[in-house]
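Below is one structure, written out as structure tokens; the observations come after it.
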Amino acid sequence: MSKYVRIRSRAAALAAATVLLATAGCAGAEAGAGGEAGGGTLVIGATGKLPNLDTVIGGAGFEGKRLLSFQIYEGLTRYELLKDTDRPPQVTGALAESWQVAPDGLTWTFTLRKGVTFQDGTPFDADAVLFNLHRYLDKSSPEYTDALGAAAMEYAGDIASYRKTDDAHIELVTTAPNGHFPEDLAHVLIASPTAVRKSGSTDFAQHPVGTGPFGFVSQTEGQQVELAANRTYWRGAPKLDRLIIKALPDAAARTAALRSGGVNWIEYPNPDDLDSLKATGAQILTNSYDHLWYWILDTTKGPWADVRVRQAANYSIDRQAVADKLLHGTADPAYQAAPRATAAYDPAGDRYSHDPARARQLLAEAGYPNGFSTSVTVPTGGSGNLLPVPITEALQRDLAAVGIKVEIRTTDWTTLIGAEAKGQVALGSDAIAQSTTLFQSEALLPLFIGSNSPFWTGHYTNPKVDGLLASAAANPEQAARQADYRSALRQVTEDAPWLFVVNDRNPRALAPTVRGLVQPQSWFLDLTTVRVAK
């Protein structure tokens, strides 16, 4: 069975998979470089409700993963986020120092890092890895829950068997060759077995313990989490003393909190506020990363079933105006399916310029010389969604200019992705607007562009794309995988199942006292270098 088919069949992983739908100028900029060292407390205003803190369950559009899960826990591998910030991050060792795959392409042996302890002081070892894998994959384990099992299937679902060969080595066998298995394991987070047994699986989210750079202190569920520096962290203690994450879904509230000193860092500031924030000394950091803001079109319904209509819609919109005038340079226009900050991006593949005349021609050829009416469901906010309603209103005007009349239907982000996870469209529209990180994890690509995905993708299907995805997934050579992905996304661009709009540049605003942030080409962050000046 191909890697593609296995992922596509994982309907149980759907709710967690759709939470991935995601959000940033100077590449690799460092905030406050040259300032004095010093711990301090960093308070971050996040864009949405904070997630469950139990290992693989946490997500919240990946914002929860980057600000909380990846701070508390680690996997056998991790993203290297402090180096080479002018390109997508590579995967390196975390709780495993190294690994190798056997000639069969299935058997992976991981050499575990010695001397690592959990935040409760207990040792990390091979038995801890086995305990966590039992918790995720073995329904007979006392610590297994359906929620954990469903979430773990995204990244651990390929594991056919696992064992320790000795105290320093773990052997994992996959069901089929999986070239991106080391990347997958960055998301299979390892918790303290002692802590899980003490609290029980159902209550572990209230007392989470991992090996990451920050340990849990307290939380107001969904609203605020306080962490403290892990002074025994194996990569060296973070510079911060404390890390506090607050849920501030309203952009105006985030700006007000930064100005008042209630927080000293905000995720996704409103682009209209950038100039005034800079005038008060705030630092604005951006970098390209793997992101696409787009509409998913129902390719089996009405006019959208015709590729010429979908291409016409893409030619009708002025992406540069959205990026420059509405988002004030915090995003780049997206003229193709592959985001700019991925190896799959084809510099020669930018196809859909703003060409209303071409759009009208294609509509006429498709039998819609006078246009048609359609509808789109849009979230009012949510992780990585930029300014979803204003962007959609701008697209509505552009589409109307060529005869496509769009009814905008708004809902909240949770409702939109909840319906999508069931293969439905909230409010019954012909399209949905959302954001996605297509390549943040290769394992999830078939869920976005593969045939018969278990969640709603506009029913897009192309056997050529399926074949390229299967070929890529089985290949351990990254360059070969990237070539296949580039070909697959080139075909998706041609088929135009989406309305490609912009690639986010991941903006965040920091108080002038915040120093040392390295902004990678990634949704994720390494906060070990950050400090707050006294």
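The values are calculated or read from the model by the stated rules, or taken from the named source; none is laboratory data. Because the structure is a prediction, the values reported are computed rather than measured. Quick reminder, even Gly has a Cβ in these numbers, built from the backbone with ideal geometry, and neighbours come from all protein chains shown. With ligands, DNA and RNA removed, areas are computed over all heavy atoms of the protein, side chains included. Shrake-Rupley method; radii C 1.70, N 1.55, O 1.52, S 1.80 Å.
What are the lysines whose alpha-carbon lies under 26 Å from the alpha-carbon of Lys405, with same-chain residues fewer than 8 places away excluded?
Cα-Cα hits under 26 Å: Lys301, Lys325.
Give me the one-decimal Kirkwood hydrodynamic radius in Å for region 221-342, with the sum taken over alpha-carbon pairs.
Working: mean 1/r = 0.0547 Å⁻¹.
This gives a value of 18.3 Å.
Set the Förster radius R0 to 25 Å, insert the Cβ-Cβ distance between Val307 and Gln424 as r into 1/(1 + (r/R0)^6), and round the FRET efficiency to 0.05. Kindly include the intermediate steps, with their values, before the conclusion.
Numbers: r = 24 Å, r/R0 = 0.95.
Step by step, r from the Cβ atoms, then E = 0.55.
What per residue convex hull volume, in Å³, comes out for region 307-377 when only alpha-carbon positions are used? Can you show the working numbers first?
Details: hull volume 8.7 nm³, N = 71.
In region 307-377, the Cα convex hull volume per residue is 123 Å³.
Counting helices only, and only those DSSP H runs with n ≥ 4, report the 222 nm mean residue ellipticity of the chain as the sum of -39,500 (n - 2.57) divided by its residues, in deg cm²/dmol to the nearest 500. Mind dumping the intermediate values first?
Working: 15 runs with 139 residues, N = 534.
Calculated at 222 nm, the ellipticity per residue is -7500 deg cm²/dmol.
So for region 191-329, taking the charge dipole from beta-carbon charges (+1 Lys/Arg, -1 Asp/Glu), which of Ser201, Leu248, His328 sits furthest toward the positive end?
Ser201
With contacts defined as alpha carbon pairs under 8 Å and 6 or more residues apart, what's the relative contact order of region 107-200 in percent? Could the numbers behind the result be given before it?
Details: 118 pairs, mean separation 33.2, N = 94.
Relative contact order for region 107-200 comes out at 35 percent.
Where the only charges are on Cβ atoms (+1 Lys, Arg; -1 Asp, Glu), what is the dipole of region 128-224 about its Cα centre, to the nearest 20 debye?
Details: 6 positive and 12 negative charges, 57 e Å.
Dipole of region 128-224, to the nearest 20 debye: 280 debye.
Using a 1.4 angstrom probe, figure out how much accessible area region 107-167 has per residue, in square angstrom, rounded to the nearest whole.
Numbers: 2600 Å² over 61 residues.
Accessible area per residue, region 107-167: 43 Å².
Taking the alpha-carbon centroid of each part, what is the distance from region 484-534 to region 251-327 in angstrom?
When both Cα centres are located, 12 Å separates them.
Lysines within cross-link reach of Lys114: Cα-Cα under 21 Å, excluding same-chain residues under 8 positions apart?
Lys164
Using Stokes-Einstein with the Kirkwood hydrodynamic radius over Cα pairs, what translational diffusion coefficient do you get for region 109-257 at 20 °C and a viscosity of 1.002 mPa s, in µm²/s rounded to a whole number? All intermediate terms of the calculation are to be shown ahead of the outcome.
Details: Rh = 17.1 Å.
Stokes-Einstein gives a translational diffusion coefficient of 125 µm²/s.
Taking region 458-529 as the region of interest, what is the percent of Cα-Cα pairs per 5 angstrom bin, listed from the shortest bin to the one with the maximum distance?
It works out to 3, 12, 15, 14, 14, 14, 10, 8, 7, 2, 0, in whole percents.
Contact order normalised by length for region 261-409, with contacts defined as Cα pairs under 8 Å and 6 or more residues apart; what percent is it?
Working: 175 pairs, mean separation 35.5, N = 149.
Here the relative contact order equals 24 percent.
With the full set of protein chains in place, find how many percent of the accessible area of the chain is carbon and sulfur; take the probe as 1.4 Å. It would help to have the intermediate numbers written out before the result.
Details: 9250 of 18520 Å².
Here it works out to 50 percent.
Enter the accessible area per residue of region 170-289 (Å², integer; probe 1.4 Å; all protein chains in place). Could you put the intermediate results ahead of the total?
Numbers: 4370 Å² over 120 residues.
Heavy-atom accessible area per residue stands at 36 Å².
Which aspartates and glutamates have a Cα lying under 18 Å from the Cα of Lys65, excluding residues fewer than 8 positions away in the same chain?
Straight-line reach from Lys65, under 18 Å: Asp54, Glu74, Glu80, Glu154, Glu183, Asp184, Glu221, Glu226, Glu267, Asp290, Glu442, Asp526.
Let me understand region 116-159 better: what is its radius of gyration from the alpha carbons, and its Dmax, in angstrom?
So, for region 116-159, Rg and Dmax equal 11.5, 31 Å respectively.
Based on the alpha-carbon gyration tensor of region 327-476, what equivalent-ellipsoid semi-axes (square roots of 5 times the eigenvalues) come out, in whole Å, largest first?
On the way: eigenvalues 134, 85, 61 Å².
Rounded to whole Å, the semi-axes are 26, 21, 18.
Each label point is 7 Å from the Cα along the Cα-to-Cβ direction; what then is the distance between the points at Glu171 and Asp250, in nm?
Spacing of the two 7 Å Cα→Cβ label points: 5.9 nm.
If you count only protein heavy atoms with a 1.4 Å probe, what accessible area per residue comes out for region 403-468, rounded to a whole Å²? All intermediate terms of the calculation are to be shown ahead of the outcome.
Numbers: 2130 Å² over 66 residues.
Accessible area per residue, region 403-468: 32 Å².
As a test of the definition: which semi-axes, in Å, follow for region 226-291 when you take the square root of five times each eigenvalue of its alpha carbon gyration tensor? Largest first, please. Present the calculation step by step, with values, prior to reporting the outcome.
On the way: eigenvalues 139, 47, 29 Å².
Equivalent ellipsoid semi-axes, largest first: 26, 15, 12 Å.
Which percent, nearest 5, of DSSP beta bridges in the chain are antiparallel? Before the final figure, lay out the partial values.
Details: 54 of 71 bridges.
Among the beta bridges of the chain, antiparallel pairing accounts for roughly 75 percent.
Could you give me the percent of Cα pairs per 10 Å distance bin for the chain, shortest bin first, beginning at zero and ending with the bin that holds the maximum distance?
The percentages, shortest bin first, are 4, 19, 30, 26, 15, 5, 1, 0.
Size of the dipole of the chain about the Cα centre, Lys and Arg at +1 and Asp and Glu at -1 on the beta carbon, nothing else charged, in debye to 20?
Numbers: 48 positive and 56 negative charges, 91 e Å.
Dipole size: approximately 440 debye.
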